[in-house]
Structures are given as C-alpha cells and as structure tokens.
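Visitor: Dropping a structure here in structure tokens format, bear with me for questions.
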C-alpha cells in the first residue's frame, strides 16, 4: 500500500459468522495461511467467480457446492492456487472440504474451498490435515482481521471494511475482507473477497445485490491486465438481524443493503489497487462524454493498461502524449480528436487534439507529483461515462514478479 | 539488441534511390537525426500508416501527398514525433516539405514527411532550415546505413536488410530499414520502415504486395501493446531494373517480389522485437490448432502482452501457470482446456489442463535460460495458426520509459 494510505478499517463481527485461522506452512511459516469461516445454519450465500477458462480446482468445487445450497463453511488458503492441477487438483480441493465437514458435522458439499497463490503446484494436503483442526478450534466472532491477513499473498496490507446501516429500522452490519495485488484485471468477479451481513436476504435477491456491487467496484480495476484463475467474491447473509428482511432488490431495504454492499466493495477494490504490486501511485481514469459506457470503458482501460502511461506516471512525468496515443488506439476512425479533452488532477492539458493553449509543463509536472492522480478524459460526443482504477508500473512490479517463485 | 543478435545486414544500394543524412540537433547533437531519400522520377510508392486516431501531423501530410502521386523525396526526422500538435503541427510538417521541394525543384506535394520521437512538442523548424540542405548536399546511393542510424530513437542498433532476387531473369534488389523499440504494437502499419526496390511495379500492385508483407511481419509483433501515433511503412519501386516488370500480384514476378519484400519485412520486424526496450529475451508465441486465425492471434497476443508472463521470462522462470492464465482469459467458455498443450522451447509442459506427466521443473528452467524462447500453444480444436513475436519485461523497460523525457 505505497500508493496512498487507506486506513485499515477494523472489521466488525457479523452475527452468525465465526472465523478461525491457522498456519499450515504452505509457503510461509511465519504467519497464518489458512482461514476458516463458519456460517450459521440458515445463511444464504451468493458468489461470482473468474471467467478464466483455466479456472482453478477450488473455483470448480466452490461453484458446484454453492449450487447444492446451505453452505456452512468457507475454507481459504494462501500460498498455493491449486490451479492448472487437473483432476488431481479437484480431488485435493474436495479432500480439504471433507476435512472441514468431518470437524463441522456437515456434508462436504456444504464447504466451499478457495485458494490463492502459485499456479501449477499440488496442494500439500497433509498440512491441511494438521492446520484445519487448529483453525476450527479457534473459530470466534472477531476473527475477521486475522483472516484478512491470512489470505494475503503479495499484498502488503490487509484489506477489510465494515459498514452498519439501518434496514427496516434494524441495524445491519456488512463486513468484507479481500486480497489481491497482482494478476488483477477482474472480469466478472475478482481476486478473493468475502463479505457477510446479518441481514436476511432472499436467495434470489442476494446474487443481484452482489452482482451490482461487484460490477461497479472490482470490475473496474486493473493492476496489470491479467485476469486471475482463482478470482472469487462471496457474500453470506446470515439473517441473524431477524427484522432486517430484504425480499426485493427494488425496495427500501434492498436499496439500503445494496448501498452498504457497494460501499464495502468499492473500498476494498480501491484498497487492492492502492496495494497493487509495486504501486507508488493510485490512478483514477475517468472517461466521460462518450456515446455509451462500453466506449468509455474501452478508452479507460486502454489508458489504465498502457505500460507507457504507467511508467511515465511512476517517473512523475506528465507525458500526456502517451495518454493521447492510448486513447487514439481505441478510438480509431470513430474518434473525433478535435473534441477530446484531457486533464490531470484538474490541470487542463489537451484540447482540440493538441496541447491546451494555457498549459505549461510546470503545472503538469506539479500535478503528477501527487501520489493520487486523476486522469480525466472527455470524448465530447455523448453523455456516457466510466471509471477505472489502476496504479503505476514501477521497478518493484518487475522485481516482485520476477522473484515470485524464487 | 540484448535479446539475441541479428547481425547487422549492410544495406545494398537500390538503383534510383539516393540517401543523405544530417544532424539537426533536434534532441541529440551527437549524431545525425535527419534522413532524406531521393526517388528517381517514375518511382511508384505505396505505404501503410498507423490507425491510431491521434495520428501525427506528418502521417496526415504523407497520406495526403501520397495520393497526389509522383513522390520524389522522403524526409524523416527522429527526436520529435510532431504528434498531438494540432493544426500548427500540420503546418510545420508541410513547411519541412516546402524546404525539400525548394532544394529539389519539385512540388511540396512530392515530398512525404515522417517523424518519430517525443509526442506533443512543436517541431524546431529553424533546425530543419539549416540541416535539410546539408542532407540534400550529401545525397548518394550508399546512404542507407547512415539513414538507418539517423532514424533511431530508443533503438540500440540500426535495422537494415537487403535481398536480391531474380524477377523475369533480371536481378532485383529489395532494401529496407526500420526503427522502433517501444510503443510497439502495430495495428495495420508500424513504426517507421522504408523499403525500396529497383523493380518496376504497377501502381495497383505495389500496395497489395506491401500489405501482404506487413500483415505477416510488423502486424505480428508487440513490445508493450501500445500503438504508436506515427507508424508508417513505405515501399518505393524505382523501376530502374527495367526488365523486372511486376504487373500482377498473382504472377511469377509478383510472387518473387512478394517473397523478397516479405523476407525483408520479417527480418526487420524481428529486429525491432529483439531490440525491444529493455529486452533481454526474444519470445516467439506460436498458437496452432485453433478454429480460425483470429482465435489463435487473440491467444498469442494475450500471452505476448501479459506482464506476468514477460516478467517471469525476464527472471528465467518457467512459470507456465501464468501462460495458462493468459490463455484462459481469452478463451473463456469456448476453450476446451483439456485439449490445450503448451511447450517451451520444445519441452512439453502442459497437457490436459495441467502439468504434463513427464515434466520436471529442471527441464523447464533449462528451457527458459535461453535468450530465444518459443512458447508453443496448441488449442487442439482446429487447424488454424498464428504467430506473434515479443520480448520480456525487464527493469530496463521501466527505466527507459520512466526516463524518456528527462
């Protein structure tokens, strides 16, 4: 979390959820790398997963078990993604579910597995046999903060957020934790993110609330354009705040819970970008004036994923020509370059396809020295808009990813 | 040119073409940065240009002048791209054409301007007034090698290639020079590339020969995924080898010239990738077994542009999980992962969605220690294939692009 600081938000316990952690020593022996969530009976779950065709074994297993319904446990490990491991990997993931089921007295299908870490290595099952019982023994309501740390890989800070809102006059808590710093360009879900609320939410409503929250948060960030094989984002509604019943998306209660869920996801998504591998700057790319959101998004991603824009900002260089080049390679013949405007942190730089008349290099350089940079691009042809969050490309990104397996 | 060495190929003179260079001191004062090509009367030209909407002023001018026909001079400068400079930039580009026209006794429309370098700064016209006459005075048949050096920006080596073939029993020369090391992901043309042949080629045939050569060479490379604002590739056919007349693409003469042109373009495209900014490895991504070429190309580009794949190879790490993740994010639901195979320099690594049974890490690590790496991905569902050339992502890429304007 070099690119500006999001103060760690101490996660608030959610009635109906207990969390335990343990050190299994999967890759590191100096901190916990297993997190176990216990969900009270009657909890409703919804989740979105990566659309990467090479999705990991735990993604396949979790998706399958989620359809079974009545999930009671989430088992998460860091240090090993159990991806690219074929049928054996799937058997391993199911075996970890069986370990939890035996301890919890439930069916293996009521356990959802999640993994993050190195791709292509077998899960060390024997370490799960030893560590999972310890995590189980340590289950308690205030285990969220420890879990936020246990699921980290190249993250430098834990990411957690809680919000309390009133739903039908009853206070409701939404708490979420997430991990992710590299291989971040979520496609429909993202990284790992675990959310819970004590509201009661109808089973057909919860996926809709989650989808809306994810679309505007995790699906609008990129660190390096690479979509992970293990992305997953899950929300559990325990229903322990019994009066707070959400039976429809388009209701006052639905809107209140949607707002809380979206705010928690938005916070965690921004925290992931600020903790992007090697990040020294947090960059918000806002594109407006487009004919439709898709056009704005394409331009925003082209700029947010341009290695040339990202290295220039790393160097505090207001090299706006690279921004124009990225915009222009998306827009092609459709773009009216004479209507395009670009501003960096409020400093107007480009107008009419070239440098703004009142722009001076000094103002641009001053703008990009900030650790938070807003690139505002106006296409000037419509009213649609879109925003993508990203970070710069630094020596440390290369170092972290060159050294990752060594 | 860190990523393996392509021996500099001394460019052979082409009858009907004279080349001169000079130092205008646009950004550097220690070497020539202006190249002037004189084409004999009767020469036919064809060119392809960037499709970036923010194309540079010289691209607009050259495209316009090319339609006028009867081009007699090409004026190239490095150090300043004259892009993002609006109407003033276009006026500046036309002014440089006028300087050449006055010296050469032709119309300004018979001069095609080309620029490469920093985006967003005005061209220093006064330096052209001084330097162009010196380049003009120095015009001679053997100026190609000096021109190959004069057009360099972040290139570390000059790129030139000549081939002699027999067309209708007459020896014909094809000579080309190119520059480019960063902002390389050509879309329909690329970087700067100047080709000439002494064959006579019909005006409607030359663009077709060029398009075919470019599509298979410059349109199959990427350094950083960023498409330049100034890309241009031009071929001039002087017709001085008077018997070597190419009047149709689908003729023996057309095929012979096409092969020569394609080989020169292929050589120069590979040279650009080997000299990619910060490159320590040359990477050939070959995808076969796809249903169509587009599918194969999309997979090849996803791998070739993955920062995670590129940093792993920089570190000589056979992190094949990252290759799978890149393949999987393109293929999505369409991909049958159980049919995908991956090999690195002939070492079979992935089969059936996971690690090949006979793969060991040592063999993979040995394969990626080479400076030339072939990533061979078989999709297993068809007969189409495509190849993309790229390089790794190193500390030096970040350094070069962080320091570019400082």
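Visitor: Filter the stretch B:284-297 down to residues that are under 20 Å from the mean Cα position of the chain (by Cα) and surrounded by fewer than 24 Cβ atoms within 10 Å (Cβ to Cβ) and give me whichever is farthest from residue B:322 (Cα to Cα). Outline the logic, then answer.
Guide: Step one: filter the stretch B:284-297 for residues under 20 Å from the mean Cα position of the chain (by Cα), giving B:284-286, B:297.
From what is left, the residues that are surrounded by fewer than 24 Cβ atoms within 10 Å (Cβ to Cβ) are B:284, B:286, B:297.
Working: B:284: 16, B:286: 16, B:297: 18 Å.
Ranking the candidates gives B:297 first.
Visitor: A further question follows. Across the stretch A:292-309, what is the number of residues that are within 11 Å of another protein chain (Cβ to nearest Cβ) and closer than 18 Å to residue B:393 by Cα?
Guide: So the first thing to find is which residues in the stretch A:292-309 are within 11 Å of another protein chain (Cβ to nearest Cβ), and the list is A:299, A:302-303, A:305-309.
This time we only want the ones that are closer than 18 Å to residue B:393 by Cα, so: A:305-309.
So the answer is 5.
For (1) surrounded by fewer than 18 Cβ atoms within 10 Å (Cβ to Cβ); (2) in contact with a helix residue (DSSP H, G or I) (Cβ under 7 Å, 6 or more places away or on another chain), each residue gets a yes or a no:
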{"site": "A:112", "(1), (2)": "no, yes"}
{"site": "A:126", "(1), (2)": "yes, no"}
{"site": "A:132", "(1), (2)": "no, yes"}
{"site": "A:162", "(1), (2)": "no, no"}
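Visitor: Tell me yes or no: at least one residue of the stretch B:387-406 is within 12 Å of chain A (Cβ to nearest Cβ), free of Cβ contacts under 8 Å to residues at least 24 places away in the same chain, closer than 30 Å to residue A:279 by Cα and more than 25 Å from the chain's Cα centre (by Cα).
Guide: Yes: the stretch B:387-406 contains one or more residues that are within 12 Å of chain A (Cβ to nearest Cβ), free of Cβ contacts under 8 Å to residues at least 24 places away in the same chain, closer than 30 Å to residue A:279 by Cα and more than 25 Å from the chain's Cα centre (by Cα).
Visitor: Hey, another quick one. Being at pLDDT below 90, within 30 Å of residue A:313 (Cα to Cα) and surrounded by fewer than 23 Cβ atoms within 10 Å (Cβ to Cβ) narrows it down to one of B:404, B:397, so name that one. Please lay out each step first, then the result.
Guide: Numbers: B:397 fails: surrounded by fewer than 23 Cβ atoms within 10 Å (Cβ to Cβ).
Checking each option against the conditions leaves just B:404.
Visitor: Do we find a residue being crowded, with 17+ Cβ neighbours inside 10 Å and either within 14 Å of another protein chain (Cβ to nearest Cβ) or out of contact with any helix residue (DSSP H, G or I) (no Cβ under 8 Å at 6 or more places or on another chain) (or both) anywhere in the stretch B:28-41? Before you say what the answer is, go through the steps one by one.
Guide: Going residue by residue through the stretch B:28-41, those that are crowded, with 17+ Cβ neighbours inside 10 Å are B:32-39.
When the remaining residues are screened for being either within 14 Å of another protein chain (Cβ to nearest Cβ) or out of contact with any helix residue (DSSP H, G or I) (no Cβ under 8 Å at 6 or more places or on another chain) (or both), the result is B:39.
Yes, some residue in the stretch B:28-41 is crowded, with 17+ Cβ neighbours inside 10 Å and either within 14 Å of another protein chain (Cβ to nearest Cβ) or out of contact with any helix residue (DSSP H, G or I) (no Cβ under 8 Å at 6 or more places or on another chain) (or both).
Visitor: Could you tell me which of the residues A:84, A:25, A:20 is within 14 Å of another protein chain (Cβ to nearest Cβ) and either touching a helix residue (DSSP H, G or I) at 6+ places or on another chain (Cβ under 7 Å) or within 21 Å of residue A:158 (Cβ to Cβ) (or both)? Can you show your working first?
Guide: On the way: A:25 fails: within 14 Å of another protein chain (Cβ to nearest Cβ); A:20 fails: within 14 Å of another protein chain (Cβ to nearest Cβ).
Criteria check complete, one pass: A:84.
Visitor: In the stretch A:219-230, is there at least one residue being at pLDDT 80 or above, closer than 23 Å to residue B:306 by Cβ and more than 14 Å from chain B (Cβ to nearest Cβ)? Steps first, answer last, please.
Guide: If we filter the stretch A:219-230 for residues that are at pLDDT 80 or above, which is where we start, we get none.
No, every residue in the stretch A:219-230 fails to be at pLDDT 80 or above, closer than 23 Å to residue B:306 by Cβ and more than 14 Å from chain B (Cβ to nearest Cβ).
Visitor: Does residue A:98 satisfy the criteria of being more than 14 Å from chain B (Cβ to nearest Cβ) and surrounded by fewer than 20 Cβ atoms within 10 Å (Cβ to Cβ)? Explain how you work it out, then say what you get.
Guide: On the way: more than 14 Å from chain B (Cβ to nearest Cβ): yes; surrounded by fewer than 20 Cβ atoms within 10 Å (Cβ to Cβ): yes.
Criteria met by residue A:98.
Visitor: For the stretch A:178-190, does any single residue satisfy the condition of being out of contact with any helix residue (DSSP H, G or I) (no Cβ under 6 Å at 6 or more places or on another chain), modelled with pLDDT of 80 or more and more than 14 Å from chain B (Cβ to nearest Cβ)?
Guide: The answer is yes, given that some residue of the stretch A:178-190 is out of contact with any helix residue (DSSP H, G or I) (no Cβ under 6 Å at 6 or more places or on another chain), modelled with pLDDT of 80 or more and more than 14 Å from chain B (Cβ to nearest Cβ).
The values are calculated or read from the model by the stated rules, or taken from the named source; none is laboratory data. Quantities reported herein were computed from a predicted structural model and do not represent experimental measurements. Counting neighbours? That spans all protein chains shown, and the Cβs are built from the backbone with ideal geometry, glycine included.
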